[in-house]
Structures are given as structure tokens and as C-alpha cells.
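Here the structure comes first, spelled out in C-alpha cells, and everything after it is commentary.
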Amino acid sequence: MTPEDLVELEEIKRLKYRYARFLDQKDWDGVAGCFAEDATAAYGGKTGKLEGRDAIMAFLRGALEPTTRITTHAMGHPEIELTGPQSATGTWSLHDEVIDTKLGFVVRGASVYADEYVKTDGGWRLKHTGYKRIYEELSKRPDNTRLTASWWETGGKSQLVP
């Protein structure tokens with residue numbers, strides 16, 4: 001492995017980390033910028049395979065409504081292989097949580113992502129992303145549970161700290 005290869009691997013890692021951060025912040029332009037125009041995605045469950053950046057973005061916007069579906073996506077353990085000068089594959093571990101404040105539930109889970117990347121004039125982009133669940137659990141939020149901080153409603157500031 002050359003020093004140049006290490007730089008490419010680091011750029012791919014940064015792409016995936018940006019993708020997770022943009023998802024959690026509901027920065028839809030940022031998320032869209034992580035995908036190649038002809039990208040595909042398969043997020044498991046009943047969504048099937050999504051074809052093209054526009055279809056992926058429509059799904060994500062609908063599934064992750066900002067103020068009532070608060071998410072965390074923690075990515076780690078990247079195993080990335082450069083398969084050509086402008087292509088790579090990657091496997092990632094995901095631990096995620098979704099808090100739905102409107103319907104009163106929490107989903108926690110872990111998954112393994114399988115990604116394909118393509119290098120464009122603008123840098124590395126996701127060509128395909130998708131995961132299979134290791135586990136997923138759903139629980140009801142207790143009625144007396146309230147959020148004391150929210151990126152959208154409190155600007156990310158805790159209401160517990162003066």
C-alpha cells in the first residue's frame with residue numbers, strides 16, 4: 001500500500017462520516033452531495049432497492065422527518081479496499097437510534113453496511129450503500145420522557161444547563 005492509497009482511504013472514511021453527520025443533522029443538500037447521481041441504496045426492510053440520487057433523497061427525507069424523528073448514526077470499523085484508481089468497496093459497522101417524539105417510540109439497532117464508491121471530479125462519492133440488520137428493537141418511550149435538548153427546537157442547547 002502506498003502513501004497515496006492511504007490518502008484515498010482517508011478520503012473515503014471522511015465521506016462516510018459526513019454522510020452519517022448530514023443524516024443526523026437533516027442536511028439534505030449535504031447528504032445528496034455524498035452520492036453519485038446514479039447511486040443506488042438498499043436500507044433493508046420493505047424499502048427495496050432505491051435507484052438514483054433523487055429516489056434515495058426522497059426516501060430519506062420522508063423517513064427521517066427532522067423535528068419528530070431524531071437520529072444518531074455511529075459508523076465504525078471501516079474495511080475499505082481500493083478496487084481501481086476510481087473505485088473502492090467498503091464494509092462498516094453501524095449502531096443507530098431513532099427517537100420518534102410524535103409517535104412515542106425508540107428504535108435501536110446495529111447493522112453492517114456494504115458500500116461501493118466512485119471517484120469523481122468532485123472527490124469520492126457513494127455509488128451504492130445498503131445494510132443488513134444484526135438486530136433491531138422497538139420500545140415505547142415512557143409518557144414522562146421529554147427531550148431537554150434538540151438540534152432543531154433548542155438549537156442543540158440543553159434546557160437543563162442555565
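Between beta-carbons, use under 9 Å as the cut-off and find the net charge around G130, counting Lys and Arg +1, Asp and Glu -1.
Neighbourhood net charge equals +1.
Could you tell me how far the Cα centroid of the stretch 77-110 sits from the Cα centroid of the stretch 111-162, in Å?
What the calculation gives is 9 Å, centre to centre.
Report relative contact order for the stretch 3-140 in percent, whole number only (criteria: Cα-Cα under 8 Å, sequence separation at least 6).
23
Calculate the length of the line joining the C-alpha centroid of the stretch 48-72 to that of the stretch 1-44, in whole Å.
First find each Cα centre; the distance between them is then 15 Å.
Please give me the summed charge of the neighbours of T89: other residues whose Cβ is under 10 Å from its Cβ, Lys and Arg +1, Asp and Glu -1.
-3
Assign unit charges at the C-beta atoms only (+1 for Lys and Arg, -1 for Asp and Glu), then state the dipole size of the stretch 51-162 relative to its Cα centre in Debye, rounded to the nearest 20.
300
Which number gives the lysine pairs in the stretch 36-162 that have C-alpha atoms under 28 Å apart and are eight or more places apart or on different chains?
Number of lysine pairs found: 15.
Just so you know, all these numbers are worked out from the coordinates, no wet-lab data involved. All values derive from a computational prediction rather than experimental measurement. Note that each Cβ is placed from the backbone with ideal geometry, even for glycine, and that neighbours are counted across all protein chains shown.
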